[in-house]
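The values are calculated or read from the model by the stated rules, or taken from the named source; none is laboratory data. Quick caveat, the model's predicted, so the values are computed rather than measured. Glycine also receives a Cβ, built like all others from the backbone with ideal geometry; neighbour counts cover every protein chain displayed. Ligands, DNA and RNA are excluded from the accessible area calculation, which covers all protein heavy atoms including side chains. Shrake-Rupley method; radii C 1.70, N 1.55, O 1.52, S 1.80 Å.
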Amino acid sequence: METETPATRSTPATREPGGQGKTGTRSRRTGMIWLLVLLAVLIALGWWLQRQLREQGSEQTRVLETRLDQLARSNEQLRRDLESLRSRDADAKAINQGIREELLAYNERSRALEDAVANLAEQHLGHRDAMALDEAEFILQLAGERLALFRDANGALAAYRLADSALAAAEDPLFANVRQTIAAEMRALEEAKPVQVRASLDALVELGAGLHGLPLKKTIATPDAGKRPLSRWREILGRFVRINDDSTAPQLSTRNDELNRSLIAVDVHIAETMLLARDEPGFKAALARVRGGVANAFDPDDARVQATMATLDRLAAMPMAPALPQLGSALGELRNLRTTRALSRPIPAPIPNQGATP
C-alpha cells in the first residue's frame, strides 16, 4: 500500500530566509509522521497477513491432522484386517495341510485296497483256473477209461468236448497247446466213425428186441401112423418095443421155440460185443449164425422176418469202423504243464509269530 506525500508547495522567491527554515522543519515532521503512519500501516498489514497465514496454516494443520487421524485409523483397520487375513491364511494353511495329509492317507489306503483287490482277483483267477484244470484233467481221464473199458468212442468224444470247454475258461494262455492236442485227439475219435458204430449197435439192439415177435415156421403135417402099412418085422418088434414120436407135443415144441430165440439172442449179443471190440471176423461170424438161426426158426414169407434178414445182410456188408485211437497225450501234457507251473511259483514267505519275544 503506497502513501502519497503531499506536494510541497513552492514558496515564492520573495519569502524571507527565516520563514523558509520553519517551513522545512514542519515538512520534515510531517514526512516523519507520514512515515511512521506508513510503517504502522505496514506493521498492521504484516500482522494481519501473518494472522491470516497462521489461521490458514492452523486450518490446514487441523485438516492434515484430521486426515492423518483418518489415515491412522484406516491404517489400524488395515493392520487389523491384515492380521485377520494372516490368521485366516494360517488357518487355511493348517486346514490344507490336514486335507493334504488326509488325501495322502486316502491315497495310501486306496493303493492298499487296489493291491488287495488285485491280489484277491489274482487268487480268484488262480482258483478258477485250478478248478478248470482239475475238471479238464478228470474229464480227460474219464474219457480214456471209458474208451478203454467200454470202447465207447461217442462218450469219449463228448467228454473231450467238455474238457476243451473247461480249458477254454482258463485265463492262462499256456494251456492253449493242450487244447490243440485235445482237438487232434477229437479228430482221431471222429475218424474212428463212432456214429456208424452207434447206428450198427442200435440196429442190433432193435433186432434182438424184435426176435420175440417173429412168427415161427409152419410145421409140415405128417401122415397118420394108423393109415401107413406096417411091415412084418415092425409088427413083430411092435409086440416088444413101442416107439412114439413126440415132436408134435406142445410142451416140447414150445421149449424148442424158446431155445431157438434164446440162441439167436445170444448170437446177437455176441455180434454187439465183436462190434465194440472191432473184431471184424468175429462180428461177421456172429451175424452169419444169427442169419442161419432166423432162416431156420422163423417163417421166411413173413414181412418182419424178411426185414430182419435184410438188416442182417446190410450189417454184414457194412465195413467195420477203423481201430480206436490211443488216447492220453492231452492228459499227459496237461499234467506236465500243471507240474511245471506249480514248480515255477514262488514259495510264500512264512508269517512271523507276533507273540514271540525278540
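Miscellaneous remarks
- Subset of region 242-270 (residues that are modelled with pLDDT under 75 and of a type in the set (Lys, Arg)): 242, 255
- Count of residues meeting criterion [over 15 Å from residue 320 (Cα atoms), over 45 Å from the mean Cα position of the chain (by Cα) and open to solvent by less than 20 Å² (accessible area, probe 1.4 Å)] in region 182-207: 1
- Some residue of region 113-136 being surrounded by 10 or more Cβ atoms within 10 Å (Cβ to Cβ), within 30 Å of residue 201 (Cα to Cα) and of a type outside the set (Val, Ile, Thr): yes
- Any hit, region 330-350, residues being over 30 Å from residue 159 (Cα atoms), part of a helix (DSSP H, G or I), modelled with pLDDT of 85 or more and within 57 Å of the chain's Cα centre (by Cα): no
- Evaluating residue 226 against the criteria (1) over 21 Å from residue 200 (Cα atoms); (2) modelled with pLDDT of 65 or more; (3) in a loop (DSSP other than H, G, I, E, B) leaves one unmet condition, (2).
- When each of 300, 325 is tested for being more than 30 Å from residue 185 (Cβ to Cβ) and outside any helix (DSSP H, G or I), the lone residue that passes is 300.
- In region 271-279, the condition of being part of a loop (DSSP other than H, G, I, E, B), modelled with pLDDT of 75 or more and open to solvent by 40 Å² or more (accessible area, probe 1.4 Å) is met by at least one residue.
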